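*Asks:* Here it is: the structure, laid out below.
The values are calculated or read from the model by the stated rules, or taken from the named source; none is laboratory data. The structure displayed is predicted, hence computed values, not measured ones. Cβ atoms come from the backbone with ideal geometry, glycine included; neighbour counts cover every protein chain shown. Note: accessible area is taken over every heavy atom of the protein model, side chains too, but ligands, DNA and RNA are not part of it. Shrake-Rupley method; radii C 1.70, N 1.55, O 1.52, S 1.80 Å.
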There are 2 protein chains.
Amino acid sequence: MADSPSPSGSPDSPLADADLLRLDHQVCFSLHAASRAFGAVYRDALKDLGLTYPQYLVMLVLWEDGPLPVKSIGERLRLDSGTLSPLLKRLEAAGLVRRVRSAEDERSVGVHLTDAGAALRERALPVPRRMLAATGLELSELRTLRALLSRVTRTLDEA
Amino acid sequence: MADSPSPSGSPDSPLADADLLRLDHQVCFSLHAASRAFGAVYRDALKDLGLTYPQYLVMLVLWEDGPLPVKSIGERLRLDSGTLSPLLKRLEAAGLVRRVRSAEDERSVGVHLTDAGAALRERALPVPRRMLAATGLELSELRTLRALLSRVTRTLDEA
DNA sequence: CGGCAATGAGTTGTGTGCAACTTAGTTGTG
DNA sequence: CACAACTAAGTTGCACACAACTCATTGCCG
């Protein structure tokens, strides 16, 4: 993963196919690898709470915005029911969440925090600081990273 | 995913826990989401080749550096044998790869491209350009992104 | 009103990703 | 040489992630 500068001339000149190929798979692989590296550190940080990283993301959404239908959680986290249904079932089995069929629209299921689920927030508070420290990035770099990633995701989703 | 600026004052001042929490999960979630968004576009681009994205990464390594033991592939892709063994078995079943037990060290298994595996490279060549275009990023931004991600991964792996 | 497309959740099947373990082969040390 | 420590692959079990599907409910349109 060393920084191998392109062999082809000046900074932003048109690149040869071979260089493009290398840059592409460096970027995509870096993304893939970074995502999994984060996962590993989160796994460790969340071990005591009994949460996986995707479960933690769902809890974050619920801690911030109270009871939500499965659909809305899926929109925020970019996840479909095929992923969320079993995940929420596990959170319910762990006693952190309740699922309530909506009265107005019986297709919809609202996800509510239990007392235990709400209480877990306190124990989760130190996690972000620990994660940010583990990245070793400056705040400005984090913001750059977030902005680039958000933009890429938006663009890719349109295609 | 809107850019919600921190409510707490100046650019890089110490942030409150609540802001940190938000920034943390914005960064980590962005990474997670971007990785999956890439996966979706790759899935489409690789459909015709009959490869998944992780399988494509393995093929890229083999196309670049010829026959390699499973161990080396794992080091480059940051994957362990638990992931690689079944993946390689599928590539072998697809006729793209052969696994050969090493004679010098019988613990080691070398992964070799078959003729079909080597030939597949031609059909994979247009994929990177298509992916880079789909990101909508400038070359300089791609380089920034790659550099940041590589650094974060390295730092996280040390922890 | 009746029927039919659209919607929300859930299920099934495949493919990662990783921890924990097993198996077989190798190396270092007394 | 013997034997413990180590190493490379593979296996097992669990939890995503997503495509493709089912099922029930809702909304719309003639």
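*Asks:* Here is a list of conditions, (1) assigned to a helix (DSSP H, G or I); (2) surrounded by 18 or more Cβ atoms within 10 Å (Cβ to Cβ), and B:GLU141 meets all of them except one; can you say which number that is?
*Replies:* (2)
*Asks:* Determine which member of the set A:ALA103, A:ALA133, A:ALA116 is outside any helix (DSSP H, G or I) and surrounded by fewer than 19 Cβ atoms within 10 Å (Cβ to Cβ).
*Replies:* The match here is A:ALA103.
*Asks:* Return the residues of segment B:53-82 that are at the interface with chain A (Cβ under 10 Å from one of its Cβ atoms) and within 7 Å of DNA strand C (Cβ to nearest atom); say none if nothing qualifies.
*Replies:* Step one: list which residues in segment B:53-82 are at the interface with chain A (Cβ under 10 Å from one of its Cβ atoms), which gives B:53-54, B:56-57, B:60-61, B:63-64, B:76-79.
Scanning segment B:53-82 gives B:TYR53, B:PRO54, B:ARG78, B:LEU79.
*Asks:* Next question. For A:ASP12, are the conditions met, namely being open to solvent by 70 Å² or more (accessible area, probe 1.4 Å), at pLDDT below 95 and closer than 28 Å to B:LEU145 by Cβ?
*Replies:* So A:ASP12 fits the description; yes.
*Asks:* Does B:LEU88 count as under 17 Å from the mean Cα position of the chain (by Cα) and in contact (Cβ under 8 Å) with a residue 12 or more places away in the chain?
*Replies:* Values: under 17 Å from the mean Cα position of the chain (by Cα): yes; in contact (Cβ under 8 Å) with a residue 12 or more places away in the chain: yes.
It is true that B:LEU88 is under 17 Å from the mean Cα position of the chain (by Cα) and in contact (Cβ under 8 Å) with a residue 12 or more places away in the chain.
*Asks:* Report, by residue number, each residue of segment A:75-106 that is closer than 16 Å to B:GLN26 by Cα and either more than 7 Å from DNA strand D (Cβ to nearest atom) or touching a Gly at 6+ places or on another chain (Cβ under 7 Å) (or both).
*Replies:* Correct list: A:GLU75, A:ARG76, A:LEU77.
*Asks:* Where the second residue is part of a loop (DSSP other than H, G, I, E, B) and open to solvent by less than 50 Å² (accessible area, probe 1.4 Å) and the first is more than 17 Å from A:LEU57 (Cα to Cα) and lies in segment A:115-140, which pairs have Cβ atoms under 9 Å and are six or more apart or on separate chains?
*Replies:* Here the result reads A:LEU139/B:LEU15, each pair linking segment A:115-140 to a residue that is part of a loop (DSSP other than H, G, I, E, B) and open to solvent by less than 50 Å² (accessible area, probe 1.4 Å).
*Asks:* Sticking with this structure for a sec: When you scan segment A:94-106, do you find a residue that is touching a helix residue (DSSP H, G or I) at 6+ places or on another chain (Cβ under 9 Å), within 14 Å of another protein chain (Cβ to nearest Cβ) and farther than 16 Å from B:ARG22 by Cβ, even just one? So that I can check it myself, show each step before the final result.
*Replies:* Within segment A:94-106, the subset touching a helix residue (DSSP H, G or I) at 6+ places or on another chain (Cβ under 9 Å) is A:94-99.
Restricting the remaining residues to those that are within 14 Å of another protein chain (Cβ to nearest Cβ) gives none.
No; the residues of segment A:94-106 include none that is touching a helix residue (DSSP H, G or I) at 6+ places or on another chain (Cβ under 9 Å), within 14 Å of another protein chain (Cβ to nearest Cβ) and farther than 16 Å from B:ARG22 by Cβ.
*Asks:* Which one of these is open to solvent by 10 Å² or more (accessible area, probe 1.4 Å), of a type in the set (Val, Ile, Thr) and part of a helix (DSSP H, G or I): B:VAL41, B:VAL58?
*Replies:* Matching residue, one of B:VAL41, B:VAL58: B:VAL41.
*Asks:* Just to be sure, is A:ARG151 in a helix (DSSP H, G or I), within 9 Å of chain B (Cβ to nearest Cβ), open to solvent by 40 Å² or more (accessible area, probe 1.4 Å) and modelled with pLDDT of 90 or more?
*Replies:* The answer is yes for A:ARG151.
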